[in-house]
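Colleague: Here it is, the structure in full.
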Amino acid sequence: MYPGSESRKRASGSFPPGTFDPAYADQAPYAAPHPQQYDNTYYNDWNASQAYRMPAPGIYPTLDPSRDANVWQHPNPSAFPGGVADFLQNPMVAGVASQYGRNLVGEHLDKYRDKLSSLKYYFAVDTTCVAKKLGLLLFPFAHDNWTIQYRDAEPVQPRHDVNVPDLYIPLMAFVTYICVAGYVLGAKEKFEPEQLGIYASSALIWLVAEVLLLKLVIYLTQMPSRLTSYDLIAYCGYKYVGMIVTTLCGHFLGATGYYSALAYTGVALAFLVSRALRVQIMPQVDEHMGGNKRRFYFLCATAFAQPLLMWWRTSHLL
């Protein structure tokens with residue numbers, strides 16, 4: 001039997017329930033349980049691994065910076081074999097990156113080369129072509145064949161066909177108009193160097209606005225045409241030839257010469273633009289949709305706008 005004191009301890013709860021005291025194993029009224037009676041496999045494995053030891057109360061585990069530096073610092077890629085540095089130094093990777101860069105640059109160069117070649121096409125003129133085109137701009141009424149010649153489904157160069165629009169004459173006429181305006185202002189003792197820049201910028205803005213408006217109208221009306229942006233710039237830039245003639249006539253011949261030259265050059269340019277655009281804008285087969293009426297209105301509005309723009313840009317020089 002248990003001594004009285006031990007019985008009181010066990011009764012009072014000094015020994016936790018379910019525990020066994022080896023000191024009193026010989027006095028126990030029942031045999032001690034076999035150690036294998038309880039499955040402590042997971043507890044024994046965890047305790048034997050010493051993976052983590054519970055700290056004493058009030059004591060928490062700390063990190064040693066010299067030992068656990070990688071906990072809060074990023075590892076150095078070069079310290080590991082096969083890191084970023086070795087990956088970039090791989091000849092195969094370098095070759096692929098180099099080939100990709102060359103292909104990317106080549107694609108952009110091809111795009112710019114195509115644009116430059118198309119722009120170069122509009123400057124393919126010679127002296128004979130320029131003389132014929134100037135004669136056509138000033139005397140278009142005797143010209144009867146406005147059809148553009150094609151070769152291999154592409155229009156021929158401006159030097160081979162006077163009907164093909166070019167950018168050489170508009171560019172030279174634009175620069176000459178700025179110089180003539182400066183000359184007229186200087187003759188009237190109103191010239192200032194800043195005015196050349198003002199005239200050039202304002203003329204360029206009006207030209208760009210006119211081209212954008214024409215493209216917008218063509219897009220909204222859905223008119224089939226072969227006109228490109230360069231073509232519209234050429235047709236809109238031809239007015240500077242008439243503006244030069246009008247400005248000089250107004251300077252040397254007065255108001256009578258100015259309005260006479262404006263009336264003639266304006267009508268001539270309107271006639272040329274209407275005839276040239278009629279070839280470039282194809283008529284629509286379905287007349288019930290009103291396509292031919294839109295084409296007619298567009299041609300008339302574009303033609304009549306040329307004399308008005310010429311007067312707007314030259315009247316202040318009179």
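The values are calculated or read from the model by the stated rules, or taken from the named source; none is laboratory data. On a predicted model such as this, the values are computed, not experimentally measured, just so you know. No Cβ is skipped: glycine too gets one built from the backbone with ideal geometry, and neighbour counts run over all protein chains shown. Heavy atoms of the whole protein, side chains included, go into the accessibility calculation; ligands, DNA and RNA do not. Shrake-Rupley method; radii C 1.70, N 1.55, O 1.52, S 1.80 Å.
Colleague: Would you mind working out the accessible area per residue for the stretch 142-212, using a 1.4 Å probe, and quoting it in Å²?
Modeller: For the stretch 142-212, the per-residue accessible area is 60 Å².
Colleague: Roughly to the nearest percent, how much of the accessible area of the stretch 126-315 is carbon and sulfur, given a 1.4 Å probe?
Modeller: Whole-percent figure for carbon plus sulfur exposure: 67.
Colleague: Same structure, new question: Nothing charged except the Cβ atoms of Lys and Arg (+1) and of Asp and Glu (-1): what's the magnitude of the dipole of the stretch 205-318 about its Cα centre? Round to the nearest 20 debye.
Modeller: 60 debye
Colleague: Further question on the same structure: Tell me, how many Å apart are the Cα centres for the stretch 115-157 and for the stretch 177-206?
Modeller: 30 Å
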